[in-house]
Amino acid sequence: MSTHTERNAASGIAFGAILVGVGGLMLGLQIDANGAWCGTGLSSLAIGALLALGAIAVRVASKIGRMPRDELGLAAVAIGFFGLAFAIGGALAPGGPWMFLQVLLLVAVVALRKPDAESGRWIGNGAFVLLALFLVFRLWISWQGSQLRWQVMSVDVPILSWLPFEFLAPISRVSLGSFTPLEMGFPPAGLDFAPSATLWALGFAAVIGGLALLQSSTIEHENDRIHALIRTLPPQVADVVERLLPEEEWRGLGLHGLPERQLARRIESTVAERVRRQQALRRAVEDTRVLGTNDASGFPGEIRRALEGQDPTGDVR
Amino acid sequence: MEKKVLAGLVAAGVLVVLGVVARTLPAPRVTLADEVVEEGPRIVEPMQFLSKGAVLRAAELDAWVAEERRPRFKALRDLVFHVADCPETNEWVDSAEGQRLERLLAELRSGKREEAFASLVLVFRLARATEWKPGILTQTPHANAERMGGLVADWLRAWGERGARDPLLAEPTRAAVLVYGRLMRTAQQAPVIGTNPASYERALKTVGELLGVDARRRTALGEALQARHPEAMRKLVGDMDRLRGLDDDAHTLFPDLDGECGS
């Protein structure tokens, strides 16, 4: 089982990394109105890299999100860093005041967010949804720009726009959120929206898919590492240890990312503590049997039967 | 680490580097056909032929017209450049000379590019020498501007796309689009009360096809106009009065093309 899951985790990391690479490449390109390929610029990627760095720093500082200890895990983190930078760089509006608002939101939702204690993922679904919304906004303003409409939207002023007088034209429509081709980073010939948008959307999906796969595979890979250490014990002892320390609790116990020796010590101390707790509990249960209770009905009766290992229905387990 | 996994990680690393490098790919600069310097004998500074001072160089065009058409061209060129008293466009074009000119224009349009250019020069001259500004007391105030616009549109339909790619014709073609917009906007606004929607719609359809405004990709002429007259293009796409940008730019380039013979 161990070798099989290890292979799965490693393959997952490799495939996730390739997805991130392909997506990053797609997000870095655009097609101008003459059909020529050109880059989308480095500024949004730089902001993405800074936020990704912040997210990794917060992850390292948290108890449950320590950095992995082996080459494969570290490679996954490195690619994850680029993946997050690509995703943010691809979803951010290329310029203008919106970008700063988006960066503030991302600082709160992505960079300063601690890894989820339950799933162990350092980029949650909320962050993915927020990035997807930003991408939709980017696609919208790119569409507007590709149609030479340099505003987020324009609204007809009621009454004024209905009157057929030319002199009212300047005040009969209000532009909301104006921007310029320079802010948008458009190529001089203009943007060919359809292929560029397709490229960005597919690239974004690939990066997000790659990141999700990297995260789950990295967690699985760390679990495999801990499992391998436990399996160095005699099989029966290893089984007991794994029953005492179920896999679902390893991340919560802070076992992920610990160096080999510290990991062994942490497992030893946790096993010792849990065994002590089990023994104390067993003694306490024995004591209740000695003391006993005559009342066999109602709530006390149910508890007594439970402590004796019986079903509430009266069947002995 | 398994070889396959290692290969996957190496490939991913290469892709990541490519993803960063790709962002630095420079956008190609838009090079318009009129920026290309041709070798050999050519008509230099073609826009001078479309300006008010065209009369000073108009005779140079004779040498570029095919021999069988040259005598007729010289005669009509001389005639058009000496139209006096600012007749109405319709009235002049419907005269015997006007009809001869129309036939010659059609012949020149089907000739080589220099002949096409010569025909455009004659159209521009006609736009300067005849009156197409709407009159107040006429029943069809838009008719003269429509007629003049029709002559420009005929030329644009024949040479618009080719002209945008031709070093000689690129700039004159853009000028022709602007002037067409000016003429048709004049026709649109000809009625004293309200506007003439038929002229407007006709103009939008013609310009839309020429520039590829509503198409997925603009035509070469559309790209050239976008590069040199972005505000006109912006208004053409998104303004309530879509011909206004073309009209404004035509007015800037040719202030004397006012429909009243520059008076």
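The values are calculated or read from the model by the stated rules, or taken from the named source; none is laboratory data. For clarity, every value in this text was computed on a predicted model and none was experimentally measured. Please note: Cβ atoms are built from the backbone with ideal geometry, for glycine as well, and neighbour counts cover all protein chains shown. Heads up: the accessible areas ignore ligands, DNA and RNA and are worked out on the full protein's heavy atoms, side chains in. Shrake-Rupley method; radii C 1.70, N 1.55, O 1.52, S 1.80 Å.
Values computed for the structure shown
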| quantity | calculated |
| --- | --- |
| Sole exception among (1) of a type in the set (G, A, S); (2) crowded, with 20+ Cβ neighbours inside 10 Å; (3) farther than 20 Å from B:V152 by Cα for B:G40, by number | (2) |
| Test: residue in segment A:33-42 that is within 13 Å of another protein chain (Cβ to nearest Cβ), hydroxyl-bearing (S, T, Y) and in contact with a strand residue (DSSP E or B) (Cβ under 6 Å, 6 or more places away or on another chain) | yes |
| Checking B:R77 against (1) part of a helix (DSSP H, G or I); (2) open to solvent by 50 Å² or more (accessible area, probe 1.4 Å); (3) touching a residue at least 12 places away in the same chain (Cβ under 8 Å), the condition it does not meet | (2) |
| Conditions (1) within 20 Å of B:I43 (Cβ to Cβ); (2) open to solvent by 60 Å² or more (accessible area, probe 1.4 Å); (3) outside any helix (DSSP H, G or I): number failed by B:H82 | (1) |
| Subset of segment B:22-42 (residues that are more than 8 Å from chain A (Cβ to nearest Cβ) and over 23 Å from B:A224 (Cα atoms)) | B:G40, B:P41 |
| Matching residues, segment A:217-226, being modelled with pLDDT of 90 or more and either under 17 Å from A:F15 (Cα atoms) or surrounded by fewer than 20 Cβ atoms within 10 Å (Cβ to Cβ) (or both) | A:S217 |
| Meets criteria (in a loop (DSSP other than H, G, I, E, B), of a type outside the set (V, I, T) and within 12 Å of chain B (Cβ to nearest Cβ)) for A:G23 | no |
| Subset tally (residues that are on the phi < 0 side of the Ramachandran plot and not in a helix (DSSP H, G or I)) for segment B:9-46 | 18 |
| Hey, B:G194 of a type in the set (G, A, S) and either farther than 30 Å from B:E91 by Cβ or touching a Gly at 6+ places or on another chain (Cβ under 6 Å) (or both) or not | no |
| Complete set of residues in segment B:236-250 that are within 10 Å of chain A (Cβ to nearest Cβ) and acidic (D, E) | B:D239, B:D241 |
| Qualifying positions in segment B:107-132 - of a type in the set (D, E, K, R) and either over 15 Å from B:A145 (Cβ atoms) or in a helix (DSSP H, G or I) (or both) | B:E107, B:R109, B:K112, B:R113, B:E114, B:E115, B:R125, B:R128 |
| Hey, A:A75 open to solvent by less than 20 Å² (accessible area, probe 1.4 Å), modelled with pLDDT under 95, closer than 19 Å to A:S216 by Cβ and in a helix (DSSP H, G or I) or not | no |
| B:A12 vs. criteria at the interface with chain A (Cβ under 7 Å from one of its Cβ atoms) and touching a strand residue (DSSP E or B) at 6+ places or on another chain (Cβ under 6 Å) | no |
| Test: residue in segment B:251-260 that is over 24 Å from B:N196 (Cβ atoms), out of contact with any Pro (no Cβ under 8 Å at 6 or more places or on another chain) and modelled with pLDDT under 85 | no |
| Test result for A:L253, on the phi < 0 side of the Ramachandran plot, modelled with pLDDT under 90, aliphatic (A, V, I, L, M) and within 27 Å of the chain's Cα centre (by Cα) | yes |
| Candidates A:G95, A:G48, filtered to the one that is assigned to a helix (DSSP H, G or I) and under 30 Å from A:L148 (Cβ atoms) | A:G48 |
| Restricting segment A:157-211 to residues that are among the hydroxyl-bearing types (S, T, Y) and within 11 Å of chain B (Cβ to nearest Cβ), the residue that is surrounded by the most Cβ atoms within 10 Å (Cβ to Cβ) | A:S172 |
| Index of the failed condition, A:A127 passing every other in (1) closer than 30 Å to B:T195 by Cβ; (2) modelled with pLDDT of 75 or more | (1) |
